[in-house]
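Reviewing the structure listed below.
The values are calculated or read from the model by the stated rules, or taken from the named source; none is laboratory data. Quick caveat: nothing in here was measured; it's all calculated off a predicted structure. Quick reminder, even Gly has a Cβ in these numbers, built from the backbone with ideal geometry, and neighbours come from all protein chains shown. All accessible areas refer to the heavy atoms of the entire protein, side chains included, with ligands and DNA or RNA removed. Shrake-Rupley method; radii C 1.70, N 1.55, O 1.52, S 1.80 Å.
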Amino acid sequence: MVQRDYARLADLTWPGTIEEAGGREAFIEAAQEIVKMLEDKGIKFESFETQEPANVISEGTYTFAAVQTRAWLRNAKGRLVGESFALGISTDGGKTWTFVDGA
């Protein structure tokens, strides 16, 4: 979101979320609209960071991990910090991951 690389954002998003959004292109368009809506309200993404994964659990062919996240946004009144988490999901033993936003 910070770099506006919406294709990469889609690549890193759990396929079920992409499907729920109506497919890859619809997901990308929705992400662009969210950023535009925030910017129209004077809010801009500044940076985003993740912590090391925690609570890694494997179940069958799935591996799950909780990843703490922090986003910095700016508006006319100052800087905002939002803390949340993402659920990382791997189907290949942790070689590749996709994510679902915890919020």
Going through the range 34-59 one residue at a time, which ones are of a type in the set (V, I, T), surrounded by 12 or more Cβ atoms within 10 Å (Cβ to Cβ) and either outside any helix (DSSP H, G or I) or touching a helix residue (DSSP H, G or I) at 6+ places or on another chain (Cβ under 8 Å) (or both)? I43, T50, V56
Considering only the range 1-23, how many residues are touching a residue at least 60 places away in the same chain (Cβ under 8 Å) and among the polar types (S, T, N, Q)? 2
Sole residue being closer than 14 Å to T13 by Cβ, touching a residue at least 24 places away in the same chain (Cβ under 8 Å) and either under 13 Å from the mean Cα position of the chain (by Cα) or surrounded by 12 or more Cβ atoms within 10 Å (Cβ to Cβ) (or both), chosen from A71, A31, A26, A66: A31
When you check A76 against the structure, is it open to solvent by less than 70 Å² (accessible area, probe 1.4 Å) and not β-branched (V, I, T), yes or no? no
Condition broken by T17, with the remaining ones in (1) of a type in the set (V, I, T); (2) more than 18 Å from S84 (Cα to Cα); (3) surrounded by fewer than 16 Cβ atoms within 10 Å (Cβ to Cβ) satisfied: (2)
Just checking, how many residues over the range 80-96 are within 15 Å of P53 (Cβ to Cβ) and open to solvent by 80 Å² or more (accessible area, probe 1.4 Å)? 3
Candidates L12, L38, filtered to the one that is in contact with a strand residue (DSSP E or B) (Cβ under 9 Å, 6 or more places away or on another chain) and modelled with pLDDT of 95 or more: L12
